[in-house]
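The values are calculated or read from the model by the stated rules, or taken from the named source; none is laboratory data. It should be emphasised that the depicted structure is a prediction, and the values quoted were computed from it without experimental measurement. Neighbour counts are summed over all protein chains in view; Cβ atoms, including those assigned to glycine, are modelled from backbone coordinates with ideal geometry. With ligands, DNA and RNA removed, areas are computed over all heavy atoms of the protein, side chains included. Shrake-Rupley method; radii C 1.70, N 1.55, O 1.52, S 1.80 Å.
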Amino acid sequence: MNDFRVELMSLKQADSRVKFLREKKTIKNIFMEQPVSLEKTKEWCSKIENDNSRKDFVFLRNDVVLGFGGLVNISRVDGRAEFYIFITVDEQGKGYGTAFTKWLLAFAQVEMNLRKISLYVTAGNDTAVALYEKVGFINEGVLKKHSWFRGLYVDRLIFSKFLNDKLEFDNLYKHIS
């Protein structure tokens with residue numbers, strides 16, 4: 001899956017992000033306040049533009065949004081960050097999740113000199129867990145009934161990956177626009 005490009009998240013992508021996050025199938029496993037509004041999303045885009053604790057990206061193919069992802073809670077001192085990704089429902093199962101995840105990991109290692117990437121995923125989100133394990137994340141534990149989500153306290157799994165392994169970053173720069 002090399003037919004995509006990556007851009008930093010910006011105001012010009014706010015409409016696409018809102019549309020995406022209003023789809024019922026999309027928000028099923030995403031921890032984000034609902035409903036999502038264009039006004040709040042534009043405020044968020046403006047706020048993150050100069051926020052050094054995060055890097056947010058949009059993944060596109062032929063100017064069509066395929067998904068969003070990024071690194072948050074970046075600690076340069078500790079060399080770590082938290083990872084997130086979500087792919088549009090129509091593009092799931094086509095390998096983009098794997099390609100975007102590998103791209104983000106390479107970016108974290110090569111451009112940011114990070115050594116460890118962690119993530120949280122809701123127990124039962126087997127599709128996401130399979131993706132994370134496929135690219136080398138290790139389950140570090142379970143936070144029992146940790147988060148209030150859509151009317152229930154849910155378990156959250158913690159995964160991490162150390163980036164001291166050789167990553168495939170030969171094509172890192174060809175995707176940046």
Subset of region 113-124 (residues that are out of contact with any Ser or Thr (no Cβ under 9 Å at 6 or more places or on another chain) and open to solvent by 10 Å² or more (accessible area, probe 1.4 Å))
Asn113, Arg115, Ala123, Gly124
Filter pass, Lys40 being closer than 24 Å to Leu114 by Cβ, part of a helix (DSSP H, G or I) and at pLDDT 90 or above:
no
Suppose we keep only residues that are within 14 Å of Val6 (Cα to Cα) and not aliphatic (A, V, I, L, M) within region 87-97. Which one would you say is surrounded by the most Cβ atoms within 10 Å (Cβ to Cβ)?
Gly97
Flagged in region 43-65 as closer than 28 Å to Asp155 by Cα, open to solvent by 40 Å² or more (accessible area, probe 1.4 Å) and at pLDDT 95 or above, in numbering order, are Ser53, Arg54, Lys55
Answer yes or no as to whether Ala106 is at pLDDT 95 or above and crowded, with 19+ Cβ neighbours inside 10 Å.
no
Out of the residues in region 27-78 that are aromatic (Phe, Trp, Tyr) and within 14 Å of Val6 (Cβ to Cβ), which is nearest to the chain's Cα centre (by Cα)?
Phe68
Going residue by residue through region 15-29, is there one that turns out to be among the aliphatic types (A, V, I, L, M) and in contact (Cβ under 8 Å) with a residue 24 or more places away in the chain?
no
For region 71-81: of the residues being open to solvent by 20 Å² or more (accessible area, probe 1.4 Å) and either in a loop (DSSP other than H, G, I, E, B) or in contact (Cβ under 8 Å) with a residue 60 or more places away in the chain (or both), which is nearest to Lys116 (Cα to Cα)?
Asp78
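Conditions tested, residue by residue: (1) assigned to a strand (DSSP E or B); (2) not β-branched (Val, Ile, Thr).
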residue	(1), (2)
Gly69	yes, yes
Phe83	yes, yes
Asp90	no, yes
Thr101	no, no
Ile117	yes, no
Ala128	no, yes
For residues that are in contact with a Phe, Trp or Tyr (Cβ under 6 Å, 6 or more places away or on another chain) and open to solvent by less than 100 Å² (accessible area, probe 1.4 Å), scanning just region 125-153, find the one that is farthest from Gly70 (Cα to Cα).
Asn139
